[in-house]
Structures are given as structure tokens and as C-alpha cells.
1. In whole angstrom, note down how far apart the Cα centers of the range 67-106 and the range 140-196 are.
2. What residues have an amide H closer than 5 Å to that of Glu186, excluding those fewer than 5 places away on the same chain, when H is modeled at 1.01 Å from N in the peptide plane?
3. In terms of the Cα gyration tensor, with a ≥ b ≥ c the square roots of its eigenvalues, is the range 94-137 rounded because a/c is under 1.5, prolate because a/b exceeds b/c, or oblate?
4. Please determine, in degrees from 0 to 90 and to the nearest 10, the orientation of helix 13-29 with respect to the longest principal axis defined by the Cα atoms of the chain, where the helix direction is its Cα long axis.
5. Grab the DSSP H runs of the chain that are 4 residues or longer, score each as -39,500 (n - 2.57), total them, divide by all residues and round the 222 nm result to the nearest 500 deg cm²/dmol.
6. As I understand it, the value is the acute angle between the Cα axis of helix 131-140 and the longest principal axis of the Cα atoms of the chain; what does it come to in degrees, rounded to 10?
7. Taking other Cβ within 10 Å of each residue's Cβ, how do His81, His154 sort, fewest first?
8. Given N residues in the range 107-187, what is its alpha carbon radius of gyration divided by 2.2 N^0.38 Å?
Amino acid sequence: MKNKIVIGSRGSILALAQSEMIMKKLQSNFPDKEFEIKIIVTSGDKDLVSNWNNSDKSLKSFFTKEIEQELLDGVIDLAVHSMKDMPIVSPEGLICGATPDREDNRDVIVSKNNIKLLDLPQEAIVGTSSLRRTMGLKTLRPDLQIKQLRGNIHTRLRKLDEGGYDAILLAAAGLKRVGLGDRITEELSYDLMMPAPAQGAL
């Protein structure tokens, strides 16, 4: 094994928190090795406009292809990424090497005045960029207005706080990993919203 292991990560607060968590686990198991996190800017970090309404591209590749290329080129040795955002098929030459303990896999509502999903006012504006979450919301509450919402966790929370939305849908795992679990209004049961496959896993 090399003496210095370089871990590739997106530069968002969540991505770095997740990468640092994995780095600490590796450091405890391999105290004689040096570890470093390298920030990689992906297409998804540059493009906050494209979504499933106006693009025929998979948004999953938006957040992985540059990281995968650096792995294939040998610039980095491993990468940490949310499994739910990974393409189903990895590029030739790459594998999912390990999956640490999974965090809470539920979706959550964060809303103004801590109002739960089913208690939101008629035609409330709810933010998400996920087709799965959108269809789930429309099934539960056909009256809701679904408004596109992109960006990292802090950007999405800021847009809610600035008044652009009545509520937003996020993954519990992300909020908890960056220490914002107290912002959660409601953890949605599986009966209300089925989470994405592998949500909460790295």
C-alpha cells in the first residue's frame, strides 16, 4: 500500500464531512499511512440549472464523472460519495470498494414554523429537484406547488429561510452528518415517502 492515500471528494460541506468521516476511520485502521482529501469540482457543482424537466442527461453522472476520471487516471486513490447519487453501473476499472455503516435513510421535511407535511396550507410551495420526491408529494398532496430546488444543503436551507418556499424535502442523513439535524421538522415514515435505494449509505 502507498504511504500517502489521496481521497477524492466534491467540495460541498456535506461531501467534505463525509470524506473526513471516512478518512478518520482509515486513519484509525492504518495509523502509519498519510491521508489527504483532494477537492474535485464536478459538472453538477458548476451547473445548478439542469434538471429532469429540461435535460435528457442523467443527473447522477453530473456529480461523479470528473471524480471517476481522476480515479482512472491515478490522481486519487479512492473517492467518497453518497451511494444514492451513484450511477447503477460503474465505469470499467472502478468498483464500489466498501460501504460503511448506513445513516438514517428517511426523507425529511424542513418547513417554516415547523409545520408537518400533511398540515401544510393548501397550495404550499415545496422545494425539491427529485422526480421521486415530486411524485410522492403529488400522490400525498396534489394541491402542493412543487418548485425546483438545487444546491447544497446550506443553499437549500437559505432559500427556505429567505421565503422562497414553505417547505423543502431533504435526506435525513445529509442533515445529520453536517450537524443540522435540529432543522428537521418531520422525519417521513416509509408509508408517506419511500426513500431512494441506498439513501444514507456511502
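1. 24 Å
2. Ile109
3. Since a/c reaches 1.5 and a/b is larger than b/c, the shape of the range 94-137 is classed as prolate.
4. Compared with the principal axis, the helix lies near 40 degrees.
5. Values: 7 runs with 58 residues, N = 202.
Counting only the DSSP helices, I get -8000 deg cm²/dmol.
6. 30 degrees
7. On the way: His81 21, His154 13.
The order, fewest Cβ neighbours first, is His154, His81.
8. Details: Rg = 11.4 Å, N = 81, 2.2 N^0.38 = 11.7 Å.
So the range 107-187 has a normalised radius of gyration of 0.98.
Read-outs throughout are calculated quantities, based only on the coordinates presented, and are distinct from any laboratory measurement. Since we're looking at a predicted model, the values are computed, not measured. Cβ coordinates were reconstructed from backbone atoms using ideal geometry, including for glycine residues, and neighbour counts include every protein chain displayed.
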